[in-house]
Amino acid sequence: METRNQEGDAESRAPADAGCSQTHQLTARVAAALSTTILVMGLLLGLMLFAAPQEDQTSEASAEELMERLQRCQKEHRELNLMLLAVTQDSRCRLCPDGWLWRRSRCYFFSVGLQENRRWNESVEFCRQHNSSLAVIKDSAEMDFIQGVMREFPQFPFLWVGLTDAEHEGLWLWGDGTDVQHYMPLAVQWDADHRDCADLRGGGSLFANSCEDYGPWVCKRDS
Ligand SMILES: *[C@@H]1O[C@H](CO)[C@@H](O)[C@H](O)[C@H]1NC(C)=O
Ligand SMILES: *[C@@H]1O[C@H](CO)[C@@H](O)[C@H](O)[C@H]1NC(C)=O
């Protein structure tokens, strides 16, 4: 009975939370798109301005006009960036829980703040308890993001990610069931029978490690 009540609560809460986060995600996306468009327009205007041959009075007048428009664009760009920042940082409607980092509709948790190391399976369990999974890295931009965070914590040279060949030796699968090569041309180095869990190191390299080793980890979930 108690379980059912809790589920009821969760359900009645969910739509509001989801709406809030979706609206903000949308606003953030629109703001980002606008901001990019305006920046591109500004750059184009700038190019036109500097490439324009200054032959006569008319072209000088339009050059001034262009400069004005460019400055307006830059101002709008700054304002939109501030708006975007405000939206993503708004504590009343957080995109991610405290201690998680937001990037492109996903939340990431880096355990480096916990001063605690775990086995691979315990890291999986931690992420699961936080409605997330050990990170599956899907493109080079995401890889760069994770590497950037790692560089800020040089005392942790590697992170557990959601990649293992525990089921079939030598067949490395991401947590979503896809092959290690599915998203990016990656390979796991040092593979051996007793090293079935992959850790991520500098330069985006992956190493096979004993799943029993203790280390920091990175979880990922939708925001
Ligand atoms: C992780 O694996 C160890 C041994 O390999 C086991 O003792 C432990 O119960 C496992 N923990 C979880 C959370 O699965
Ligand atoms: C995980 O999701 C469930 C159901 O949506 C929710 O009740 C629970 O609070 C969430 N846990 C965390 C740590 O976010």
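Note on segment 165-223: Cα-Cα pairs beyond 15 Å make up 52% of the total pair count.
Taking max minus min of the alpha-carbon positions on each principal axis, segment 101-222 gives extents of 34, 28, 27 Å, largest first.
Projected label points at E64 and S205, each 7 Å from Cα along the beta carbon direction, are separated by 6.1 nanometres.
Of the peptides 149-159, 163-173, the ranking by mean beta-carbon count within 10 Å, highest at the top, reads 163-173, 149-159. Take the Cβ-Cβ distance between D179 and Q115 as r, set R0 to 30 Å, and report the resulting FRET efficiency rounded to the nearest 0.05. Efficiency computed from Cβ-Cβ geometry: 0.30.
Only the coordinates and a few stated rules stand behind these numbers; no lab work does. This structure is a prediction, so every number in the text was calculated from the model and none was measured. Virtual Cβ from ideal backbone geometry, glycine too; neighbours counted across all protein chains shown.
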